[in-house]
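Just so it is clear, none of the values below were taken in a lab; they were calculated from the coordinates. Owing to the predicted nature of the structure, the values given are computational and were not obtained by experimental measurement. Backbone-built Cβ (ideal geometry, glycine too); neighbour counts: all protein chains shown.
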Amino acid sequence: MTLRLILIRHGLSSFNLQNRIQGRNDLSKLTEDGIVQAKKSGQELKDISIQGVYSSPLQRAADTTKELIKCREDQLNIIYNKNLLEVDLAQWSGMTTEQVKSEFPEQYLIWKGSPHELILKREDNSDYKPIEELMEQGGRFLENIFKNHNPSKDENLLIVGHNAILRCIVLKLLGEPANGFRRIRLDNASISIVKINPDSTREYSVQIESLNGTSHLEEQLPVKGPHARIILVRHGETNWNREGRFQGQIDIPLNETGKKQASAAKEFLSGITFDKAYSSSMSRPLETAQIILEDYSDIGIQCTDELVEIGHGLWEGKLESEINDSWGDLLKEWQATPEEVQMPEGENIQAVWTRAVNYWDVICNSLSSKETALVVAHDAVNKTILCHLLGLTPADIWMIKQGNGGVTIIDLSYGSEQPSIVTSLNITSHLGGVFDRTAQGAL
């Protein structure tokens, strides 16, 4: 049973086009391009069963919502919720970015570097922190969702809002990681999926299934930032993925589905020019990388043991049911608190975290600002890297989904004031559909 939150940012607006701060005012409207984007998002979702629709009442979001559901055969009622209003940026609203830079230089630097610390003044001259208030607002929205929708039921909820509030909702579900606001990106009319599942050890569990999917739009991938970009891919499917066996460091090759997934990823990434490539030294990620780079005879793939999958030790080659028979308590601990588990004659997640993140830093430091690199690795490895980038911990690896052949995009930032940005996470639309339909696997 799964409650899915389908998060949609409104389409391109007049203020977006003019590079103006929108905030909470309602002067900004959807552009013609924004309407087209909303229609395309609606087409992408039209075959998905929707049990509830929530929208910000601001017209750019409300109009996006109306366009989203026009193509559907079912009749959906829109619930307008004030807790989906955009961030309140007070006197900045309506100003261009250049005007804000000129008139509020110190505050603008805080906004770009540490937005949670920004202090603005209301009309009554009282101080407030916009992002702190928005996080509380996102929490209230989620409280309302969980009051009216039970994670123990299969439901899909369409939630249409704005850049900042949707980011805050995602971060609230992730436990509010430090400086998280600058760690993720949401483009106009992008689709993000968050899974909420019942959990025996807590009220519910959260998993980011995908983030900032734009493959249905004219620009299939978000525009690259000013610095280096890394495309992080999980290897294609193997027979053991399909069977649900723990693979770990046993070198199982791609099956035919896995090869097709790698080819689909190649096609999806065809608009990208790669400059460098890195892979785990195991055959399944290496073959995935080779398929993606078939047209790049001049790029050598640098293979490393630092990116190999977690060593499951005595669990490798076994089904979950077989592991449960001999290590039932340890398996439950792995599923509940993975950071505390030492695999029998294998590794622990902290060891994977250390080697994978250290090598990630090596890759980042090897890239010039104009370069784009391909990195292909494994489920646990990718999850530890992404938890690191999102400000999470080894305890949080289950919060991140990595499907076979899934594509994640990281835009690097240089300098201590800005974290790198998880631009898109686990995009699997090139494998069929909005939801991740890849093999569940064993990890």
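Details
- Whole-Hz Karplus values for segment 129-139 come out as 9, x, 6, 4, 5, 5, 4, 5, 5, x, x Hz, taken residue by residue from phi with 6.51 cos²θ - 1.76 cosθ + 1.60 and θ = phi - 60°; glycine and proline positions read x.
- Compared with the direct C-alpha span, the chain from residue 46 to residue 270 gains 78.0 nm at full extension, assuming 0.36 nm per residue.
- Each part gets one Cα centre, and for segment 243-282 versus segment 165-187 those centres are 29 Å apart.
- Furthest towards positive pole of dipole, 433, 215, 93, structure part the chain, Cβ charges: 93
- Part-to-part distance (alpha-carbon centres) for segment 1-58 and segment 89-123, which is given in Å: 24
- Selection among 160, 62, 292 by position relative to the dipole of the chain gives 62 as farthest towards the positive end (Cβ unit charges, Cα centre).
- Residue-span extension gain [residue 136 to residue 251] - 0.36 nm each, minus C-alpha spacing: 36.7 nm
- Springs join every pair of Cα atoms under 10 Å in this Gaussian network model of the chain, and among 34, 175, 403 the largest mean-square fluctuation is at 175.
- 20 Å cut-off, amide nitrogen to a point 7 angstrom out along residue 77 Cα→Cβ, residues in segment 38-54: 49-54
- Computed per residue of the chain from DSSP H runs no shorter than four, each worth -39500 (n - 2.57), the mean residue ellipticity at 222 nm is -10500 deg cm²/dmol.
- Three-way shape call for segment 21-145 based on the alpha-carbon gyration tensor, with the a/c threshold at 1.5: prolate
- Grouping the Cα pair distances of the chain into 20 Å bins from zero gives a pair-distance distribution of 25, 57, 18, 0 percent in increasing distance order.
- Coil-residue trypsin sites (Lys or Arg not before Pro) of segment 185-261, DSSP, other Cβ within 10 Å capped at 14: 202, 224
- Prolate/oblate/rounded call for segment 3-213, Cα gyration tensor, a/c under 1.5 rounded: oblate
- Mean Cα-pair separation over length for segment 86-139, i.e. relative contact order, pairs under 8 Å, 6 or more apart, %: 32
- Distance in nm between pseudo-label sites at residue 150 and residue 340 (7 Å out along the Cβ direction from Cα): 2.9
- Straight-distance crosslink candidates among aspartates and glutamates, where the alpha carbon sits under 14 Å from residue 46 and sequence neighbours closer than 8 are dropped: 67, 73, 74
- In order along segment 108-115, phi translates into HN-Hα couplings of 5, 4, 5, 4, 6, x, 9, x Hz, rounded to whole numbers, per the Karplus curve 6.51 cos²θ - 1.76 cosθ + 1.60 with θ = phi - 60° and x for Gly and Pro.
- In this structure, the amide hydrogen of residue 346, modeled 1.01 Å from its nitrogen in the peptide plane, lies closer than 5 angstrom to those of 314, counting only residues at least 5 positions away or on a different chain.
- In a reduced charge model with +1 at each Lys and Arg Cβ and -1 at each Asp and Glu Cβ, the chain shows a dipole moment near 1140 debye about its Cα centre.
- Put simply, segment 227-324 fits an ellipsoid with semi-axes of 27, 15, 10 Å; these come from the alpha carbon gyration tensor as the roots of five times its eigenvalues, largest first.
- Relative contact order of the chain, pairs being alpha-carbon contacts under 8 Å that are 6 or more residues apart, as %: 18
- Positive-end extreme of charge dipole, the chain - chosen from 368, 317, 380 (charges on Cβ): 368
- Within segment 229-431: Cβ-based charge dipole about Cα centre, in debye rounded to nearest 20 (Lys, Arg +1; Asp, Glu -1): 540
- Lys, Arg +1 and Asp, Glu -1 on Cβ, resulting dipole of segment 3-213 about Cα centre, debye, nearest 20: 260
- Relative contact order, whole percent, for segment 3-213 stands at 31, derived from Cα pairs under 8 Å and 6 or more residues apart.
- Rounded to the nearest 0.05, the FRET efficiency derived from the C-beta distance between residue 99 and residue 218 at R0 = 35 Å is 0.75.
- In segment 105-144, GluC sites (Glu not before Pro) in a DSSP loop with at most 15 other beta-carbon atoms within 10 Å: 123
- Translational diffusion coefficient (Stokes-Einstein; Kirkwood radius from C-alpha pairs) of segment 229-431 at 4 °C, 1.567 mPa s, in µm²/s: 75
- Restricting attention to segment 57-119, lysine pairs at least eight places apart or on different chains and with alpha-carbon atoms under 30 angstrom apart total 5.
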